[in-house]
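Below you'll find the structure, written out as structure tokens, and then a few comments.
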Amino acid sequence: MTEAVLQLRNVTKKIGGRTIVDNLTFDIPAGEVFGFLGPNGAGKTTTIRMIVGLISMTKGEALIKGVSVRNYFELAMTHVGAIVENPEMYKFLTGYQNLTHFARRHNGITKERINEVVAMLGLQNRIHEKVKRYSLGMRQRLGVAQAILHRPSLLILDEPTNGLDPAGIRELRDYLRKLTKEEGISVIVSSHLLSEMELMCDRVAIIQGGKLMDIRSLQETRDAAQTKIIIEVDDIPAAEQLLASVFDAARMNTIGSQLELTADKEAIPHITKLLVNAEIEVMGIHAVQKSLEDQFLEITGGEMVV
Ligand SMILES: Nc1ncnc2c1ncn2[C@@H]1O[C@H](COP(=O)(O)OP(=O)(O)OP(=O)(O)O)[C@@H](O)[C@H]1O
């Protein structure tokens with residue numbers, strides 16, 4: 001197995017006796033877009049600030065490509081590109097001038113590398129314009145370009161979708177995908193909006209009150225989304241009794257004049273036949289998918305902005 005790009009081990013932050021980040025432990029492999037998802041005040045920014053060394057950890061360890069942030073800070077940071085606060089940018093310079101300026105902070109960034117990064121983020125047509133004329137989405141992309149000039153293994157973006165419209169968010173998602181593919185980079189993004197994380201991430205860590213509640217692969221969560229079958233009949237008790245002899249009663253629920261059954265959509269013809277044969281009149285029968293939101297709300301006990 002390849003070594004994780006980021007390893008967090010019991011990362012904890014206490015401020016004034018209050019635990020703000022509580023024992024976070026997880027790994028992020030190469031090439032993954034990973035989300036920190038949690039309500040405002042959950043501890044996302046504090047965690048990111050510890051990973052990039054802007055604040056110290058009270059306890060625990062963060063390893064970037066196996067290098068300890070605490071013990072070998074500068075070496076660990078050579079593997080990181082981050083936008084934690086607003087990206088530092090000179091509005092009266094062009095995008096290109098900004099990039100050449102930041103390239104001087106690192107050794108060995110060639111003109112070819114700058115051009116490569118410009119193309120990767122789709123900025124080539126506007127790169128010689130002043131940044132003050134850029135849209136928020138373009139500034140965001142220039143910030144990402146700046147952050148990856150030195151070929152980091154880990155890109156960290158704190159709340160990158162703030163202020164972006166849906167088209168801007170999709171654009172950002174596409175560029176991040178491209179970076180994971182073409183540069184093999186791993187990306188961490190934070191957000192309090194599941195709908196945005198759903199667009200961008202492979203996996204999300206759900207953080208609440210500084211604690212890791214769960215880590216979910218979004219694809220697996222989607223695949224595992226259970227189907228509920230909603231049945232409307234003229235005689236609920238009779239239908240309940242009949243279906244309980246075929247389906248597990250624990251998976252059945254009566255809500256008002258409807259019967260709810262957790263089962264595959266494919267069971268619908270079978271259920272219909274059973275009901276009709278028993279002379280129970282079927283007014284309606286349809287399947288609904290348990291949404292991602294429903295599943296996440298179950299994990300957080302309802303406290304999640306979707
Ligand atoms: N320096 C500090 N002193 C005291 N409390 C702090 C400090 N920094 C953060 N906190 C508190 O820690 C908690 C977590 O804050 P943090 O900014 O990490 O949350 P977040 O998940 O990033 O939320 P948001 O989406 O609002 O930025 C909050 O309750 C915040 O008030």
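Among the acidic types (Asp, Glu) and crowded, with 17+ Cβ neighbours inside 10 Å - does that describe any residue in the range 73-82?
Of the range 73-82, the ones among the acidic types (Asp, Glu) are 74.
Next cut, crowded, with 17+ Cβ neighbours inside 10 Å only: none.
No; the residues of the range 73-82 include none that is among the acidic types (Asp, Glu) and crowded, with 17+ Cβ neighbours inside 10 Å.
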Task: Selection status of Leu6, within 28 Å of Leu297 (Cβ to Cβ) and more than 16 Å from the ligand (Cβ to nearest atom) - done: yes
- [ ] Can you tell me which residue within the range 1-21, out of those that are of a type outside the set (Ser, Thr, Tyr), in contact with a Lys or Arg (Cβ under 7 Å, 6 or more places away or on another chain) and outside any loop (DSSP other than H, G, I, E, B), is surrounded by the fewest Cβ atoms within 10 Å (Cβ to Cβ)?
- [x] Asn10
Open item on the list: Go through the range 21-42 and report how many residues are farther than 15 Å from Ile215 by Cβ and modelled with pLDDT under 95.
Closed with: 5
Open item on the list: So, Leu172, is that one closer than 16 Å to Met200 by Cα and not in a helix (DSSP H, G or I) or not?
Closed with: no
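Restricted to the range 51-66, and to residues that are without any contact (Cβ under 8 Å) to a residue 60 or more places away in the chain and touching a helix residue (DSSP H, G or I) at 6+ places or on another chain (Cβ under 7 Å), which residue is surrounded by the fewest Cβ atoms within 10 Å (Cβ to Cβ)? Before you say what the answer is, go through the steps one by one.
Applying the first criterion (without any contact (Cβ under 8 Å) to a residue 60 or more places away in the chain) to the range 51-66 yields 53-63.
Within this subset, residues satisfying the condition of being touching a helix residue (DSSP H, G or I) at 6+ places or on another chain (Cβ under 7 Å) are 53, 55, 57, 62.
On the way: Gly53: 17, Ile55: 13, Met57: 23, Ala62: 21.
Once the filter is applied, the top-ranked residue is Ile55.
If you scan the range 175-185, which residues turn out to be part of a helix (DSSP H, G or I) and β-branched (Val, Ile, Thr)? Full working, then the answer.
Start the filter on the range 175-185 by keeping residues that are part of a helix (DSSP H, G or I), which leaves 175-182.
Within the range 175-185, just Thr180 meets the criteria.
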Open item on the list: If I ask for residues that are surrounded by 12 or more Cβ atoms within 10 Å (Cβ to Cβ) and more than 18 Å from Ile148 (Cα to Cα), which ones from the range 103-127 would you list?
Closed with: Arg126
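The values are calculated or read from the model by the stated rules, or taken from the named source; none is laboratory data. Given the structure is predicted, the values throughout are model-derived calculations rather than measurements. Virtual Cβ from ideal backbone geometry, glycine too; neighbours counted across all protein chains shown.
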